[in-house]
Amino acid sequence: MDKLGIVYALLGAALAVLLAGAGSAIGVGIAGQAASGVVSEDPGKFAKVLIMQLLPGTQGLYGLIIGFVTLSKVGLLGGGVQDVPVQTGLMILGACLPIGIVGLISARAQGKTAAAAIGIVAKKPEQFGKAMLFPAMVETYAILALLISFLAVSNIQI
Amino acid sequence: MNELEYTYAVARIRVLEAALLSDSVMDQLLACKDEEQCLQLLSEKGWGDAECGNDIEAILKREEEKTWEVIHDAAPDLSVFDVMSYPKLYHNLKAAIKEVCTEVKNENIFYDDCLVPGQEMLSIVENKAFERLPGQMGTVAKEAYETLLQTRDGQLCDVIVDRAALEAIYRAGKESTEKIIQTYAESTVALADIKIAVRAQKTGKSLDFMKRAMAECDSVNVDRLAAAALSGAEALREYLAGTVYAEGAQALEESPSVFERWCDNRMIEAVKPQKYNSFSAGPLVAYLLARENEIKTVRMILTGKQNEFPDEMIRERIRKMYV
């Protein structure tokens, strides 16, 4: 029972990385299909559609940051694992969930929006700036989730 | 099928949509002084290829092939598009039956880009191997073949096959889970029924003939449509005015060619929202219809120029473009 706290904390770190990373993989995959469709007909638009494809990839990075901060918090990266009470472990797990869940959902949604925005670039490449704003809007909610997860994990006292 | 499966194909279509001819390009074509200038403009727009030269039919055929090549290449599920090739498939059946029954050989009367290509269809009809045809087509083929042999009435044979084509399209629409295929099937059958009614009214055909030619659909009551056509042009317009095809009644008042143009324009209007759809098979189907519409319009302009028809006469027939 005395090790359950660290288990919960590590589960939180794993979920943050896993869910957000899976969301990004799905989102980048969707946008990548659209990007491939455009490049197969017009290779000149490669750079523009590549930027669009990368947009849903940020959630995976946010998940990684929270996972990293969590591992650092419990001392796993420094070599000395701390004793984490069960209650604190559960708090860390809860703190990791916002970026995990929001990362998964927002990355998929952003992938679909990026694919639609790639359609704009395909027809009107001069509207690239405006087209990029639509998927970028979805990013807001991933950033909010990152902020909460970061503040929560950082401020939990072990 | 998951609509996300179409993401790649839709993105490809988005690029190709930029190359579709717009209404202003059609105006430019119309403003060309002769057929040669038209071909030059089309060549600048990427129409045809090196092998086509200035052969109009070869250019138009090549454009049709290009469209299907893209769909074959990009679409994750080609069965969705089967219904779009039904008119060609049933055309092949009609042509094969007539060729076998009349023993008159014609070149280039078959389509090869459909479920049963021309030579295969000819072989099926020659050997009376109708069971090799897909779905319920075998029964229809046998009936049309025997009717033509016994009666020598080519029009009756056409009516049997054309109605079967409409019924197949309607069935495909009902069975499809794609909204755009349902819309396409319903519009195609309803507009074909209306065209039959209009032509039958003008040529004084009987009620039996009309009922034999028309296929059932949801947006038009074929019994009332046929009865209205039998009563006269005014009754037909009155009936149409009470349906979702009310604008067709107005077009009918102007001229038959305006009505035909309205039929095609209506289909394009129905699929235009697909320009803003980034997923599903919708944009691909819309692109196919847009290309068909574009090629048909270019053919009309070129034919008009070849025969030195007045610009106004050609303009009356120019369809609205998708882009």
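The values are calculated or read from the model by the stated rules, or taken from the named source; none is laboratory data. Bear in mind that the values here come from a model prediction, so they are computed numbers and not experimental data. Using ideal geometry, Cβ is built from the backbone for each residue, glycine included, and neighbour counts are taken over all protein chains shown. To get the accessible areas, we keep the full protein, side chains included, count just its heavy atoms, and leave off ligands, DNA and RNA. Shrake-Rupley method; radii C 1.70, N 1.55, O 1.52, S 1.80 Å.
Pop a pseudo-label 7 angstrom from the Cα along the beta-carbon direction at both B:Lys142 and B:Ser79 and give the gap in nm to one decimal.
2.5 nm
If B:Thr203, B:Thr303, B:Thr177 are ordered by their accessible area, calculated over protein heavy atoms with a 1.4 Å probe, which sequence runs from highest to lowest?
Descending order: B:Thr177, B:Thr203, B:Thr303.
So what is the relative contact order for the stretch B:78-176, in percent, with contacts set as C-alpha pairs under 8 Å and at least six apart?
31 percent
Using R₀ = 41 Å, calculate the FRET efficiency as 1/(1 + (r/R₀)^6) where r is the Cβ-Cβ separation of B:Glu316 and B:Glu103; round to 0.05.
0.55
Starting from 0.36 nm per residue, how many nanometres of slack lie between B:Glu3 and B:Asp23 once their C-alpha separation is accounted for? Can you show the working numbers first?
Working: separation 20, 0.36 × 20 = 7.20 nm, distance 3.07 nm.
Net length gain for the segment: 4.1 nm.
Per residue of A:36-44, what is the mean number of Cβ atoms on other protein chains within 10 angstrom of that residue's Cβ?
5
At q = 0.13, 0.21 Å⁻¹, what log₁₀ I(q)/I(0) does a Debye calculation on the Cα points of the stretch B:78-176 give, no solvent, two decimals?
The calculated log intensity ratios at q = 0.13, 0.21 Å⁻¹ are -0.40, -1.05.
Of the listed peptides A:111-121, A:16-26, B:120-130, what is their order by residue-averaged count of other C-beta atoms within 10 Å, with the highest listed first? Write down the numbers at each step before the final one.
On the way: A:111-121: 26.9, A:16-26: 24.1, B:120-130: 17.0.
The packing order, highest mean first, is A:111-121, A:16-26, B:120-130.
Over 10 Å intervals from 0, what percent of Cα-Cα pairs in the stretch A:4-155 sits in each interval?
In whole percents, the pair-distance histogram is 14, 36, 24, 16, 9, 2.
For the stretch B:179-277, what is the convex hull (Cα atoms) projected area averaged across all directions, in square nanometres?
Orientation-averaged projected area of the Cα hull: 6.1 nm².
So if R0 is 35 Å, what FRET efficiency would A:Ser36 and B:Gln250 give, r being the distance between their Cβ atoms, rounded to the nearest 0.05?
On the way: r = 46 Å, r/R0 = 1.31.
Efficiency computed from Cβ-Cβ geometry: 0.15.
At 222 nm, what value in deg cm²/dmol follows for chain B if DSSP H runs of at least 4 each add -39500 (n - 2.57) and the sum is divided by all its residues, to the nearest 500?
Value at 222 nm, helices only, nearest 500: -21500 deg cm²/dmol.
For B:Asp23, tell me the accessible area in Å² from a 1.4 Å probe, rounded to the nearest 10.
Counting only protein heavy atoms, the figure is 70 Å².
Would you kindly state how much longer the chain becomes between B:Lys272 and B:Ala58 on full extension, computed as 0.36 nm times their sequence separation minus their alpha carbon distance, in nm to one decimal?
Values: separation 214, 0.36 × 214 = 77.04 nm, distance 2.86 nm.
Stretched out fully, the B:Lys272 to B:Ala58 stretch lengthens by 74.2 nm.
What translational D, rounded to a whole number of µm²/s, comes out for the protein assembly as shown from Stokes-Einstein when the hydrodynamic radius is the Kirkwood one over Cα pairs, at 25 °C and 0.890 mPa s?
93 µm²/s
Once you put a point 7 Å from the Cα of A:Asp83 and another 7 Å from the Cα of B:Ala233, both along the Cβ direction, what distance in nm separates them?
10.0 nm
Roughly how far apart, in whole Å, are the Cα centres of the stretch A:23-76 and the stretch B:1-46?
Spelled out, the Cα-based centre of one part sits 33 Å from the other.
In the stretch B:128-216, how does Rg compare with the Kirkwood Rh, expressed as the Rg/Rh ratio over alpha carbon atoms?
Working: Rg = 14.3 Å, Rh = 14.1 Å.
For the stretch B:128-216, the value is 1.02.
Nearest 10 degrees is fine. How inclined is helix A:86-123 to the longest principal axis of chain A, computing both from alpha carbons?
0 degrees
If I model a spin label at B:Asn307 and A:Ala14 as a point 7 Å from the Cα along the Cα→Cβ vector, what separation in nanometres do I get?
7.7 nm
What dipole magnitude, in Debye to the nearest 20, does the protein assembly as shown give about its Cα centre under +1 on Lys/Arg Cβ and -1 on Asp/Glu Cβ?
Numbers: 48 positive and 62 negative charges, 295 e Å.
That gives a dipole near 1420 debye.
Average partner chain C-beta neighbours within 10 Å, per residue of A:118-125?
Average per residue, whole number: 5.
Under the definition of partner shielding as Cβ atoms of other protein chains within 10 Å of a residue Cβ, what is the mean value for peptide A:20-27?
0
So for chain B, averaging the separation of alpha carbon pairs under 8 Å that are six or more residues apart and normalising by length, what relative contact order in percent results?
23 percent
Calculate, for B:Leu149 and B:Lys202, the FRET efficiency according to 1/(1 + (r/R0)^6) with r their C-beta to C-beta distance and R0 30 Å; round to the nearest 0.05.
Values: r = 30 Å, r/R0 = 1.00.
For R0 = 30 Å, the calculated efficiency reads 0.50.
Roughly how far apart, in whole Å, are the Cα centres of the stretch B:57-127 and the stretch B:222-237?
Using only Cα atoms, the two centres lie 34 Å from each other.
Run through the stretch B:240-323 and list the GluC sites (Glu not before Pro) located in a DSSP loop whose Cβ has at most 12 other Cβ atoms within 10 Å. Before the final figure, lay out the partial values.
On the way: sites: B:Glu247, B:Glu253, B:Glu254, B:Glu260, B:Glu269, B:Glu292, B:Glu294, B:Glu308, B:Glu312, B:Glu316; in loops: B:Glu308, B:Glu316.
Those that pass, being in a loop and sparsely packed, are B:Glu308.
Over the stretch A:4-155, what is the mean sequence separation of C-alpha contacts under 8 Å (at least six apart), divided by residue count, expressed as relative contact order in percent?
Relative contact order here is 38 percent.
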